[in-house]
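See below for the structure under consideration.
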Amino acid sequence: MDNNSKPMHKRPRPEEKKEEKQFDERVINIDRVARVVKGGRRFRFRALVVIGDHKKQVGVGSAKGADVTTAVTKATEVAKKHLVKIAIYKGTVPHEAEGKVSGAHILIKPASPGTGLIAGGVVRIILEVAGIRDALSKSLGSTNKTNAAYATIAALQSIKPASEWRRNIKIEEAEPEKPAKAVETKIAEPKAAEPKVTAPKKVVKKAVEPVKTVKATATKKTAVKKVVKK
C-alpha cells in the first residue's frame, strides 16, 4: 500500500429517527386458554391491553392469539378502536363515579393535589395511562381483571365535566319554579245530632170470628124420655 494513498473514510450512516409512540401501551394480563377438539386440547393465549395518551384518552382491548406476541398485537388494535375521551379537572376526576360490569364494581373518587393514585392493579394502570395524577379508588366486587378493567372504563365514561353542571344550573335559574297555588281547605262544621223519629208501629187487629152457637134440637126420642122421667 502506497504511503501517498489517502485513507478511506466511511460515510456516516443517517441517523434513524425513532418513531414516537402516540399511545402508552401496557399489558395488564396474559392467560393461557384451552379449547377441546377431537384430537385433544388446543392451547392459545389471551392478552388484556390498555393504551392511553396521558391526555384524557384511554382504551381497553382483549384478544386471543396462537402466541403471546400475536395476542398482544391484536389486543392493541382492539384497544385503539375503542378509545374513550374522559373528563379530567386539575389532575383528578371532577366528581365521584361508579362502574359495574358483570361481577366487578369499581368506585373512583377525586383527591386533593399531591395525594397520588390510591389504587391497585388494573385500576391504577388505567388511571395512569389516562393522565389522572390524583384519585382514590376501591374495588367493591369481583377481582376478575378483565371485568375490573371494563368497569373502570365505564366509571370514567360516566364522569361529566364541570361545564355541563353550570349549564344545568343556568337552565334552572332561567326557569324558576312557579309557586304552588294555595288550596283553601274548608273544615266542615260538626252538625247537631238530629233526634231520630221512629214511625209508629202499625197495630194489626185480628178479626174475631163469631162463635157459632149450635142449638141442640131434641129429637122425638129424647123428648119422650124426658116426659117419662117426669
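The values are calculated or read from the model by the stated rules, or taken from the named source; none is laboratory data. Note that the structure is predicted; figures quoted are calculated from it, not measured. We place every Cβ from the backbone using ideal geometry, glycine too, and count neighbours over all the protein chains shown. Side chains included, ligands, DNA and RNA excluded: accessible areas come from the protein's heavy atoms. Shrake-Rupley method; radii C 1.70, N 1.55, O 1.52, S 1.80 Å.
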Counted residues in region 59-85 being in contact with a Lys or Arg (Cβ under 8 Å, 6 or more places away or on another chain) and either more than 30 Å from Gly114 (Cβ to Cβ) or open to solvent by 10 Å² or more (accessible area, probe 1.4 Å) (or both) come to 9
Which residues, taken from region 1-58, are at pLDDT 80 or above, over 30 Å from Thr152 (Cα atoms) and open to solvent by 100 Å² or more (accessible area, probe 1.4 Å)? Val36, Lys38, Arg41, Arg42
Restricting the search to region 150-164, which residues are part of a helix (DSSP H, G or I) and either in contact (Cβ under 8 Å) with a residue 24 or more places away in the chain or of a type in the set (S, T, N, Q) (or both)? Tyr150, Ala151, Thr152, Ile153, Ala154, Ala155, Leu156, Gln157, Ala162, Ser163
Considering residues that are over 14 Å from Asn29 (Cα atoms) and surrounded by 17 or more Cβ atoms within 10 Å (Cβ to Cβ), the number found within region 106-123 is 7
Give me the residue from region 135-149 that is hydroxyl-bearing (Ser, Thr, Tyr) and either free of Cβ contacts under 8 Å to residues at least 40 places away in the same chain or out of contact with any Gly (no Cβ under 8 Å at 6 or more places or on another chain) (or both) and, out of that set, surrounded by the fewest Cβ atoms within 10 Å (Cβ to Cβ). Thr143
Would you confirm whether or not region 54-71 contains a residue that is closer than 22 Å to Ala151 by Cβ and acidic (Asp, Glu)? no
Considering residues of region 59-110 that are assigned to a strand (DSSP E or B), basic (Lys, Arg) and over 13 Å from Gln157 (Cβ atoms) only, the residue farthest from the chain's Cα centre (by Cα): Lys64
